[in-house]
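Step one of this worksheet: look at the structure below.
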Amino acid sequence: MIASRRSRGFSLFEMLAALVVLALVTGLVVSRIAASSVTDRADRAAETLVDDLRRAQILARGRAVVVPVFRTETGYRIDGLSIVREWPIGLVASWQRRDHSGWSETHTLNMAGRPLSREEARIVMRIESVERVVKLDPISGRIHVEQSTQR
């Protein structure tokens, strides 16, 4: 019988090649997770804002009063619903209202139930390279996230 050759294991070159492949795959996975995390945070913030604005609009219709939504340093508040929200870290929002001269910055949106008293407004939310725009349509009363964009 011929003596079997003893297994020598992996060479240094084989181990380095395996580590390089593992590092590349890990880098791809981490970058995908990080990118989707930013997108998810922007989407959640926009949808939460839309839900809160709709609730304020329903309150305005039910009570036949204007319900103000106030912009704060780090988020927004709706006193009529006892809501105080903070933006996710890194999110910057620009609140804008349209009047006869065009779009202008505002610190307060007035939610109203009656069609003729509604105002056209948008809230542009940016976090890193992701942008979401929440729009308030004065005619239909619809509040929605406009087609999302990435910069």
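Nothing in this text is a laboratory measurement; each read-out follows from the coordinates by a stated rule. Here the structure is a predicted model, which is why all the values come from computation and not from measurement. In this analysis, Cβ positions are derived from the backbone assuming ideal geometry, glycine residues included, and neighbour counts consider all displayed protein chains.
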For residue 40 and residue 146, extending 7 Å from Cα along the Cα-Cβ vector and measuring point to point gives, in nm, a value of 2.7 nm
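Where does the chain land at 222 nm, in deg cm²/dmol rounded to the nearest 500, when only DSSP H runs of n ≥ 4 count, each adding -39500 (n - 2.57), divided by all residues? Please report the intermediate quantities before stating the final value.
On the way: 1 runs with 52 residues, N = 151.
One gets -13000 deg cm²/dmol as the mean residue ellipticity at 222 nm.
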Under the 7 Å Cα-to-Cβ spin-label approximation, residue 84 and residue 101 lie apart by a distance in nanometres of 3.4 nm
With Cα springs under 10 Å, the Gaussian network model of the chain assigns the largest mean-square fluctuation among 140, 101, 37 to 101
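Taking the Cα centre of the stretch 13-150 as origin, sum charge times position over the Cβ atoms of Lys and Arg (+1) and Asp and Glu (-1), and report the length of that vector in debye to the nearest 20. Display every interim value, and only then the final one.
Values: 19 positive and 17 negative charges, 125 e Å.
My answer is approximately 600 debye.
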Around residue 141, which amide H atoms from residues at least 5 apart in sequence, or from another chain, sit under 5 Å from its own amide H, with H modelled in the peptide plane? none
Taking other Cβ within 10 Å of each residue's Cβ, how do 87, 103 sort, fewest first? 103, 87
What do you get for the angle between helix 12-63 and the principal long axis of the chain? Use alpha-carbon atoms, 0 to 90 degrees, nearest ten. 10 degrees
